[in-house]
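The values are calculated or read from the model by the stated rules, or taken from the named source; none is laboratory data. In this text, all values refer to a predicted model and were calculated from it rather than measured experimentally. When we count neighbours, we look across all protein chains shown, and the Cβ atoms used for this are built from the backbone with ideal geometry, even at glycine. We work out accessible area using only protein heavy atoms, side chains counted, and drop any ligands, DNA or RNA first. Shrake-Rupley method; radii C 1.70, N 1.55, O 1.52, S 1.80 Å.
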Amino acid sequence: MKHGHSFSAKLTLNVLALSSVLFLVSLGIVSYWSNSLIFEEASKGARNLVDKNISEINGILSSIEVSVSSNAWNVKEHLSDPDFLYHVTDRIVSENENIIGSAIAFVSNYYEGKHFFSPYSYREQETGRILSKQLGNEDYDYFYMEWFSAPFESGKPYWGEPYFDKGGGEQLMCTYSYPLTDSQGRVFAIMTADIALNWISDIQAAMKPYPNSTVVLLSSIGTILSSKSIVGNLGENIYSNFENSTVRSRNVDKILNSVLNHEKGLMQYSVGSDHGFVVFGPLSNSWVATVSCTYSDIFAGASRILFLIIGIGILGIILLFLLCYRVIRRLTQPLSEFANSATEIAKGNFESSLPEIKSNDEIGLLRDSFANMQSSLKNYIDELKITTAANERFESELSIANKIQAAMLPRDFPVSDKFDLFACQKSSKEVGGDLYDFIVKDNVCYFAIGDVSGKGVPASLVMAATKAAFRFVATLNLPLDQMIFRINNSLSENNERGMFVTFFLGRLNLDTGLLEYCNAGHNPPMVTRADGTVCKLEVIPNLALGVWSDFPFKAQSAVLGKGDRVTLYTDGITEAEKADGSLYGEERLIELLSKNRDMTQEALCSCIMDSVNDYFEGRPQNDDITLLSLGLKR
Amino acid sequence: MLVKRFEPLEGRNIEIIETVMNSAEVTPLPEDVQFKVRLCVEEVEENILCYSGSTWIELRVYVQNGRLVISFCDGGVEFNPLDKEDPDISAPLEKRSIGGLGILLCKKMMDSLSYKYEDGRNYLTLEKKIA
Amino acid sequence: MTVNIENAGSKTFVTLTGRIDTTNAAQFQADINPLLNADNPDIEIDCTDMEYTSSQGLRIFLILQKSVTMKGGSLVLKNMKPAVKEVFDITGFSSIIRIV
């Protein structure tokens, strides 16, 4: 039974292995493809975000620039009325709520006797009222301030580096400076707008695309303008933060460099276990807006789905395995039943029933072939039994017939000083019904030879009956034609089978040499005279025994001299066949008889037998060979 | 051996011939031999039917020692067809007759013909070598 | 035995098909009667399909030959089968009837 199981299991495992492989491969492909899409989406989204961020902040920045620059003419108009300038700064502050303070700082002694002249308006934090005052004094020497010196020297508007306002509540602030130039192109005053940068953090905060994303705005030298984030706190320098940081890698350096160079782009980073990408782009004032996204965030959803799919897949495969195994087991169940049936049949039990299969598939076909084989086998064995039994019967019949035949043939051959007689027989495979017999009574020797038609046991029985009739009739001392008449009738009476016997009956008077004989359809015997001449005895053929009852056989007579002999034989000798179909024939026999005229009958018989045996050349004997020879001694 | 008795004989001459020709002993023989057998059987039984006055014919056919043996027995008058002299087959046309031609054919076409009469029965036996 | 007689001018062509034995000898005799009645018969008999003849058949051929000879005509038998020819030979009929 182990075999059956492992076959099902093998089949199932093969199926599952294949389906698992296919599943994993497709999963891999889909996964990769969808991840690319997700990345695309995320990066696009981040870029859009950055762009949006940039344009939003740019908008605010430019509104501030415009607020200031649009009032430049106003200042230039009212240069002679210094007090009026407070109105301008008021206006700047009040018009733009982002502007916290605005000043117009003149160069030293633009107005006579005034070293510092800087009308300044500001929004009071708590009340929101707009106040104004003079900005510059000995404590606040604005000529050295960057917001003055930079635009003064370059002659161009200048966005200053953010700074913390110590005076007004620790906010991160930034000043936009706009230089005013006279007709000769010399800067005579700087118009400023101070803005708080807290709104940046608000904008940034609202923009986070993913939970772990960082949206950071940097100044042109890397000051962090957004609120606390992973890269540092507000006001800290991102470069110095990273310089000090232990977490550092090449790709981070690359990103920082690009940012430092005010480039626009997307770069991937991996810092420790943190992987993601950063999108960055410059603002109009050389500030840089950045958005970073971690891969864990981006692919979080996808990963979840992937795990789900794998989980379902594994579950499915297990289920499939169980189902498959059971189904295959059930389907191949007949195979082990077939094996059992085959074992049964091998034992000889041809009636054993086959498993019931109704399906039209290969298993059904197997069953049909099996059933066919079973019934063919059964029929074949049955026929074989019959044939074997018949053969055995035939064999036993054959041996019975052989035994009867052997028993019928006398072997104590008479030898006297007057004559000698010898006879021999060699049966062929198929028992015919050759017979010979002889009786020596007083000075007379009765002898006979016969050939029964047919084969097997019936022929042997007719042979026995003929011999019995001969023996009986020999006691009666009748003329030969009457003797044979009686023998014939005893055979013809109960001859339903239509059997007949060719027969030669002879009676030799050992003293006188008178040979009386009667032939019944047999081939005439050969007479060898003392001088060696051989001739066929002249016979009236008559008819074989058993053909007509009361048939009037005609006997004949001849005379044998001393040294003569008469040799009776059956046609098994003359009809002996060689391989090429040629027959032994009478000539050879005559030659042998003539050459060996002085032999004893026994020697002659074995000589003839040997000659005939040799003639066969190893081929099987085709008919019984019988010889009887008797001769008067010299 | 074929053993058959025909009694009565009216209109059965073809039947007798066919019985011999269809026997197991005759059917395997070559055509030319069968031709001769048929002819001889026809002549013999015609003789018997015409001249013997017998009401029955018995037939025996057997093969032994390479010879086909056909033996007719009838209960008619003693009639030995072999007794008669053969007709003169070299006689000129005017002197020719039909009588005895049948037996002549049998004698020539068969290897031996023998006749016996005993106890009111005629026995006529034809033999032909077939092997 | 089928006897087919065709007269073509002075010659008569006869075709024999089948066998002549004791059963149909009388019929055969009747069939060839017309040949016996013709004057100066010049008869050609085609024996290609003549399968067999017994002494009864011979008798009829003898009568025919005698009749033809008496009338001074000619009779010839053609294309005889060897087995049948042997019958004519044994009985010496080959020397009284022309066989080709």
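Tally Lys/Arg at +1 and Asp/Glu at -1 over every other residue whose Cβ is under 13 Å from the Cβ of B:Phe72; what's the total?
-2
Output wanted: per-residue J couplings in Hz (rounded whole) for the range A:71-86, from phi through Karplus 6.51 cos²θ - 1.76 cosθ + 1.60, θ = phi - 60°, x for Gly and Pro.
8, 4, 4, 4, 5, 4, 5, 10, 4, 6, 10, x, 5, 4, 4, 4
From the protein chains alone at 1.4 Å, what is the descending order of accessible area for A:Trp147, A:Trp33, largest first?
Sorted by accessible area, descending: A:Trp33, A:Trp147.
Could you calculate the contour length gain from A:Val15 to A:Ser183, that is, 0.36 nm times the residue separation minus the distance between their Cα atoms, to one decimal place in nm?
Stretched out fully, the A:Val15 to A:Ser183 stretch lengthens by 51.3 nm.
Once R0 is set to 56 Å, what does the formula 1/(1 + (r/R0)^6) return for the Cβ-Cβ distance between A:Leu331 and A:Ala206, expressed as a FRET efficiency to the nearest 0.05?
0.30
Take each of the peptides A:295-307, A:505-517, average the number of other beta-carbon atoms within 10 Å over its residues, and list them starting from the highest.
For the peptides A:295-307, A:505-517, the packing ranking is A:505-517, A:295-307.
Skipping prolines and chain starts, which residues have an amide H placed within reach, meaning under 5 Å, of the one on A:Val444, given they are 5 or more residues away or on another chain?
A:Leu510
Using the basic label-point model (7 angstrom from Cα toward the beta carbon), what is the A:Ala371 to A:Lys403 distance in nanometres?
My value for the distance between the label points is 4.9 nm.
To the nearest 0.05, how large is the calculated FRET efficiency for B:Lys108 and A:Glu493 if R₀ is 45 Å and r is the Cβ-Cβ distance?
0.75
Averaged over peptide A:547-560, how many Cβ atoms belonging to another chain are found within 10 Å of each residue's Cβ?
3
Write down the percent of antiparallel bridges among all DSSP beta bridges whose residues are both part of the protein assembly as shown, to the nearest 5.
90
How many nm is it between the label spots at A:Ser416 and A:Asp580, if each spot is 7 Å from the Cα in line with the beta carbon?
In this crude label model, A:Ser416 to A:Asp580 measures out at 4.8 nm.
Whole-Hz ³J(HN,Hα) for each residue in the range C:68-79, computed from phi via Karplus 6.51 cos²θ - 1.76 cosθ + 1.60 with θ = phi - 60°, x for glycine and proline: what do you get?
4, 4, 4, 8, x, x, 9, 9, 9, 9, 10, 6
Taking a virtual spin label 7 Å from the Cα of C:Ile90 along the C-beta vector, which residues in the range B:43-58 bring their backbone nitrogen under 13 Å of it?
Residues B:43-44 fall inside that zone.
Per-residue HN-Hα couplings for the range A:618-634, Karplus 6.51 cos²θ - 1.76 cosθ + 1.60 at θ = phi - 60°, whole Hz, x for Gly and Pro?
Result, rounded to whole Hz: x, 6, x, 5, 8, 8, 4, 10, 10, 10, 9, 9, 9, x, 8, 6, 5.
Please compute the length gained on full extension between A:Ile60 and A:Glu591, using 0.36 nm multiplied by the number of residues separating them and subtracting their Cα-Cα distance.
Full extension of this stretch gives 176.0 nm more.
Given H placed 1.01 Å from N in the peptide plane, which residues other than close sequence neighbours of A:Thr570 have an amide H under 5 Å from its amide H?
A:Thr626
Could you please state how large a percent of the accessible area of the range A:191-343 is carbon and sulfur, counting protein chains only and using a 1.4 Å probe?
Solvent-exposed carbon and sulfur of the range A:191-343 make up 61 percent of the total.
So with the 1.4 Å probe, I'd like the accessible area per residue for the range A:542-621, rounded to whole Å².
42
Quick check: pseudo-label points 7 Å beyond the Cα along Cα→Cβ at B:Glu18 and A:Asn35, how many nm apart are they?
10.4
Just add up the charged neighbours of A:Gly561: K/R +1, D/E -1, any other residue whose Cβ is under 13 Å from the Cβ of A:Gly561.
+4
Report, by chain and number, residues whose modeled amide H sits under 5 Å from the one on B:Ser54, excluding near sequence neighbours (fewer than 5 apart, same chain).
Distant-sequence amide H within range of B:Ser54: B:Gly76, B:Val77.
Expressed in nm to one decimal, what extension gain is obtained for the pair A:Asn98 and A:Trp199 from 0.36 nm per residue of sequence separation less their Cα-Cα distance?
Full extension of this stretch gives 35.5 nm more.
Rolling a 1.4 angstrom probe over the protein heavy atoms, how many square angstrom per residue are accessible across chain C?
With all protein chains present, chain C gives 44 Å² per residue.
Under a Cβ-only charge scheme (Lys and Arg +1, Asp and Glu -1), can you give me the dipole magnitude of chain A about the Cα centre, in debye to the nearest 20?
That gives chain A a dipole magnitude of about 1960 debye.
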